[in-house]
Amino acid sequence: MPAHAVRVWPVEFDESKPIGDWGELRRGGSWGAKAPWRFEPSHWDVGRLFKRHEVFRDESSGYIDEWVFVDRDELREFDLSCRSSTNEFSKGQFAELDRAFSPDSPFLKFRVVYFEWESGL
């Protein structure tokens, strides 16, 4: 049975700022594997974000994958707007998201992917 998840990683950088050490990439997988940082925010209402952007779609793998490109400032505002309805686990993710979306971050634009995967159920 297909399940869904959201993954975000930077695709455009401010070359005047060092990338820095972001530690190990989170959650494994192939998408964004070469990015210095990637994340799977579980508290996002991604449907609301996708309504405001051109959505790209790929069904070639047998799963439906959709993505949008969002600049850092908009993504920060969106992330903050989703935090009020989050669980305790997601609250532990806020510091890392704050760092990635801050004006001091070298990341300028992100790819946000909503993807299907096989849950095994």
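Computed values, structure above
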{"read-out": "Selection from the stretch 49-101 of residues that are touching a helix residue (DSSP H, G or I) at 6+ places or on another chain (Cβ under 9 Å) and among the β-branched types (Val, Ile, Thr)", "value": "Val68, Val70, Thr86"}
{"read-out": "Residue in the stretch 48-57 that is over 25 Å from Pro18 (Cβ atoms), assigned to a helix (DSSP H, G or I) and open to solvent by less than 60 Å² (accessible area, probe 1.4 Å) present", "value": "yes"}
{"read-out": "Flag if Arg76 is modelled with pLDDT of 95 or more, among the basic types (Lys, Arg) and buried (at least 17 other Cβ atoms within 10 Å of the Cβ)", "value": "yes"}
{"read-out": "Residue that is nearest to Ala100 (Cα to Cα) [pool: residues in the stretch 58-73 that are in contact (Cβ under 8 Å) with a residue 12 or more places away in the chain and either among the polar types (S, T, N, Q) or buried (at least 16 other Cβ atoms within 10 Å of the Cβ) (or both)]", "value": "Arg72"}
{"read-out": "Selection within the stretch 20-43 - modelled with pLDDT of 75 or more and open to solvent by 60 Å² or more (accessible area, probe 1.4 Å)", "value": "Asp21, Ser42"}
{"read-out": "Glu12 being modelled with pLDDT of 90 or more, in a strand (DSSP E or B) and open to solvent by 60 Å² or more (accessible area, probe 1.4 Å)", "value": "yes"}
{"read-out": "Whichever residue in the stretch 78-121 is free of Cβ contacts under 8 Å to residues at least 24 places away in the same chain and either of a type in the set (A, V, I, L, M, F, W, C) or part of a strand (DSSP E or B) (or both) and, among such residues, is nearest to Gly20 (Cα to Cα)", "value": "Ala95"}
{"read-out": "So Ser85, is it open to solvent by less than 70 Å² (accessible area, probe 1.4 Å) and out of contact with any Gly (no Cβ under 9 Å at 6 or more places or on another chain)", "value": "no"}
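The values are calculated or read from the model by the stated rules, or taken from the named source; none is laboratory data. Only a predicted model underlies this, so the values are computations on that prediction, with no experimental measurement involved. Neighbour counts run over all protein chains shown; Cβ positions are idealised from the backbone, glycine included. Only protein heavy atoms, including side chains, enter the accessible area calculation; ligands, DNA and RNA are left aside. Shrake-Rupley method; radii C 1.70, N 1.55, O 1.52, S 1.80 Å.
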